[in-house]
Structure formats: structure tokens, C-alpha cells
Amino acid sequence: MYVKSKDLFHTLIHQKGLRIHSVYFNTDLDMMLVILNNKRVIQRNISDFKLLKNATSKQLENYENEGMGIYWKDLDEDLSLRGFLVNELIAA
């Protein structure tokens, strides 16, 4: 029987209910702010993401916040909360 390994990120997301609350973009500063429901902020460069870096402001704002990820249908881009958290840990 396969048992899914539970790590810190799994615990935060699936047991503690950590979610993406909102996302803000500033293309002039090449900045994306991901606001979590625990009031923490994750900052990333828009240009870090191949499919987002050449997107217009209108395209960036046309996303679906699924709580555990952000999806841009027009750009065919999907970013996960887990990925943001892993990157924060690596950057620390």
C-alpha cells in the first residue's frame, strides 16, 4: 500500500488550511505579490516565469485563484502554492 509522504508543506496546505488569498502585479517593478490567508506575503519577479514575463497587464490580471494555486487560462500557466512555499524556503 502506498502512503503519501507528508512534509511541512503538505501539513501547512492540507491540514492547516494555508491558501492564496490574493495576488497583485506591478509590471513596472517586475513584481508579483502573493498574499496568503495567514497575512504573509510572498514576493516573486514576474520575469521568473517564462509564460508570465511577456504577458500584458490585462493577461496577468485574468487569472483564477484556486486557493492552492493560480491559473491563467489564456497563458496556459499554473503556479502552485506549494511551489511558492518551496521557493521561499530555498531563498531563505
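Every read-out reported here was derived from the displayed coordinates using simple, explicitly stated rules and does not represent laboratory data. Computed from a prediction, not measured in an experiment: that's the story for all the values here. Glycine also receives a Cβ, built like all others from the backbone with ideal geometry; neighbour counts cover every protein chain displayed.
Can you give me the relative contact order of the chain as a percent, contacts being Cα pairs under 8 Å and 6 or more apart?
Result for the chain is 21 percent.
For the stretch 28-45, take each phi angle, set θ = phi - 60°, evaluate the Karplus expression 6.51 cos²θ - 1.76 cosθ + 1.60, and give the result in whole Hz per residue in order, putting x for glycine and proline.
Karplus values, whole Hz, x for Gly and Pro: 4, 9, 6, 10, 10, 10, 10, 9, 9, 6, 9, 6, 7, 10, 10, 10, 9, 7.
Would you pull out the residues with amide H under 5 Å of MET31's amide H, same chain only if 5 or more places away, H placed 1.01 Å from N?
Hits under the 5 Å cutoff: ASN26, ILE46.
Evaluate the charge dipole of the chain about its Cα centre and quote only its size in Debye, nearest 20, assuming +1 on the Cβ of each Lys and Arg and -1 on the Cβ of each Asp and Glu.
Around 440 debye, computed over the chain.
Taking amide H positions as placed in the peptide plane 1.01 Å from N, state which residues far from HIS21 in sequence (5 or more) or on other chains have amide H under 5 Å from it.
Counting only residues 5 or more places away or on other chains, the set is ILE35, LEU36, ASN37.
Mind counting lysine pairs for me in the chain? Cα separation below 29 Å, and the two need to be 8 or more apart along the chain or on different chains.
The result is 14.
Could you tell me, in Å, what Rg and Dmax come out for the Cα atoms of the chain?
Looking at the chain, its Cα Rg and Dmax stand at 13.9, 51 Å.
Can you give me the angle between helix 81-91 and the longest principal axis of the chain, using Cα atoms only, in degrees from 0 to 90, rounded to the nearest 10?
The helix 81-91 is inclined about 90 degrees to the chain.
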